[in-house]
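Accompanying notes for the structure given below.
Every number in this text was worked out from the coordinates using simple rules, so none of it is lab data. No experiment lies behind these values; they were computed from the predicted model shown. Positions of Cβ are backbone-derived with ideal geometry, glycine not excepted, and every protein chain shown enters the neighbour counts.
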Amino acid sequence: MRYRRAQTEGGTYFFTVVTFKRREILCIPANIALLRETFRRVMDRHPFRIEAMVVLPDHLHSIWTLPEGDHNFSMRWRSIKGDFSRSCGEACKGPIPKSRQDKHEQGVWQRRFWEHEIRDETDFSRHAEYIHFNPVRHGLVKAPKDWPHSSFGRFVQNGLYDRQWGAQEEMRFPSDVGAE
């Protein structure tokens, strides 16, 4: 059976994108800056809105909303991953497997990504909470407010979370929320 991605024009989607062999290249400050710049360039060419996002050492999660009449998130991810891979320094370059050498691919990202179409406000809230709690879940910080590479601060500024949200609690998520 062939996998088919969701194709709702103007849809909102949750994504998980993982580095090749889970190499921890996204904790290097220069790579974080490069990733931000790469997103800006791709968003200039192919607009979309980032609703929520977290960047962890070996993967990232995000929620995007595409413009009306547009469903092509795959092209955007291809551009982001490709632009980042071409611009990234030696810290990103690992041994490239033979299967990728033949296609002139770089060993920076896993080939595919996980996507989930957001169904409603409850689904959005659960996935945004999953995104913002992820650094705590991975033991990187004690509270979401302490992770610098996240949209958590924007959610606090917009009154969606209290600054202490997620700091004193163990959060559990339904099995259909998130993907690693």
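For Glu51, the residues whose modelled amide H falls within less than 5 Å of its own, excluding neighbours fewer than 5 places apart on the same chain, are Ile63, Trp64, Thr65. Distant-in-sequence amide contacts of Trp109, defined by a placed amide H-H separation under 5 Å and a gap of 5 or more residues or a different chain, comprise Phe20.
Restricting the calculation to Cα atoms, every distinct pair contributes to the Kirkwood radius of the chain, found to be 17.1 Å.
Just flag the trypsin sites (Lys or Arg not before Pro) in segment 1-66 sitting in loop per DSSP whose Cβ has no more than 10 other Cβ atoms within 10 Å.
Numbers: sites: Arg2, Arg4, Arg5, Lys21, Arg22, Arg23, Arg36, Arg40, Arg41, Arg45, Arg49; in loops: Arg2, Arg4, Arg5, Arg23.
Here the sparse-neighbourhood loop sites are Arg2, Arg4.
Relative to the longest principal axis of the Cα atoms of the chain, helix 121-137 runs at roughly 80 degrees. Can you give me the long-range amide H partners of His138? Hydrogens built in the peptide plane at 1.01 Å from N, cutoff under 5 Å, separation of 5 or more residues or another chain. HN-HN under 5 Å from His138: empty list. Overall shape: oblate for segment 1-78, with the ratio a/c of the largest to smallest alpha carbon gyration tensor axis at 1.5 or above and b/c at least equal to a/b. Taking 17 Å as the straight-line reach from the Cα of Lys142, the aspartates and glutamates in range (excluding those fewer than 8 positions away in the same chain) are Glu129, Asp162, Glu169, Glu170.
Per residue of the chain, what 222 nm ellipticity follows from adding -39500 (n - 2.57) for every DSSP H run with n ≥ 4, rounded to the nearest 500?
The helix contribution divided over the chain gives -10000 deg cm²/dmol.
Taking the C-alpha atoms only, the angle from helix 29-45 to the longest principal axis of the chain is near 90 degrees.
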